[in-house]
1. Within region 1-44, restricting attention to residues that are among the small types (Gly, Ala, Ser) and surrounded by fewer than 12 Cβ atoms within 10 Å (Cβ to Cβ), which residue is modelled with the highest pLDDT?
2. I'm checking my understanding of the structure. Among residues of region 37-48 that are part of a strand (DSSP E or B) and more than 16 Å from residue 115 (Cβ to Cβ), which one is nearest to the chain's Cα centre (by Cα)?
3. Output the number of residues of region 63-72 satisfying the condition of being out of contact with any helix residue (DSSP H, G or I) (no Cβ under 8 Å at 6 or more places or on another chain), surrounded by 10 or more Cβ atoms within 10 Å (Cβ to Cβ) and more than 18 Å from residue 136 (Cβ to Cβ).
4. Return yes or no: is residue 119 in a strand (DSSP E or B), surrounded by 10 or more Cβ atoms within 10 Å (Cβ to Cβ) and either touching an Asp or Glu at 6+ places or on another chain (Cβ under 6 Å) or at pLDDT 90 or above (or both)?
5. Between a first residue in region 136-152 that is over 15 Å from residue 108 (Cα atoms) and a second residue that is among the polar types (S, T, N, Q), which pairs have beta carbons less than 9 Å apart while being 6 or more apart in sequence or on different chains?
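The values are calculated or read from the model by the stated rules, or taken from the named source; none is laboratory data. Worth saying up front: this structure is predicted, and the values here are computed from it rather than measured. Note that each Cβ is placed from the backbone with ideal geometry, even for glycine, and that neighbours are counted across all protein chains shown.
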Amino acid sequence: MIRNLFVWLLLSGATLALAACCGNVPCDKQDDYADALFFKFNLDSTSTQGFRRKDIDTVYLKRYSLPDTVLNTKPTVETIRLLRPQRQDSLPIIINNNTPFTAANNRKLNSYRYTLFVVRYPATSKPKIIDTVRFVLDNIKLDTRLEGEGCCMYYRNLSKIVEVSEMRQFGMRQNTVRCDVTKKNGQDQPITLNRF
C-alpha cells in the first residue's frame, strides 16, 4: 500500500516538474497561417481582367465538406458574407483551418472545397444581380509535419497546392490553374483573381 502511494507521488512530482520546465521555455516558431490560402483581386481597372473596387465590396464564400468515410460525416455547406470597405479591398482574403469558418471535427483546409462569389449589382434601386464571378478552390493538397524537440514542438507546412477554376454559367469550370502557394523565403504567396 505504501509502495503504491510512493510510486504515485513520484510520478505526480515528475509530471509537475516536467510541466513547470516546459512552461518556462518560449516557443515562438508556431506559424498560425501555415496552411492558410491568401487571395487578392486584380484591381487594375484599366484592364479587362481587373475588378472595380465597388464590385468587390461584398464577397461570398461557400465551404463544401468532402465526403469522409472514416468519420462517417454528412456533407455540409456553409456560406459566409465578407464585407470589404474600400480601405480594405486591397487586403487579401484569408482562408485558413479556422478562418473565416470555424473548424469542425478537427478537419483541415484540404477536407473542403470552396467557392468564392463576387456579385455585382446594377446602379438602380432594384437589387437585381446582373453579374456573378465565381472561383472554385478545389483539390487542396497540404504536406505538413511537426518539428522541434522537447518542449518546443511546432507545426510546419512543407507544401500548399490548390486548383483555382473559373465557373461560368451552368456550373461549367474553365481555365483551371494549379497553384503552388508554398511559402517562399518565409513569405506567403497570394493568388491573384482576375475578372473573366
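1. 12
2. Step by step, filter region 37-48, then rank; the result is 38.
3. Selection size over region 63-72: 1.
4. Taking the combined requirement at face value, the residue does not satisfy it.
5. 136/115; 136/165; 136/176; 151/24
Conditions tested, residue by residue: (1) in contact with an Asp or Glu (Cβ under 8 Å, 6 or more places away or on another chain); (2) surrounded by 13 or more Cβ atoms within 10 Å (Cβ to Cβ).
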residue	(1), (2)
74	no, no
78	no, yes
91	no, no
96	yes, yes
102	no, no
108	yes, yes
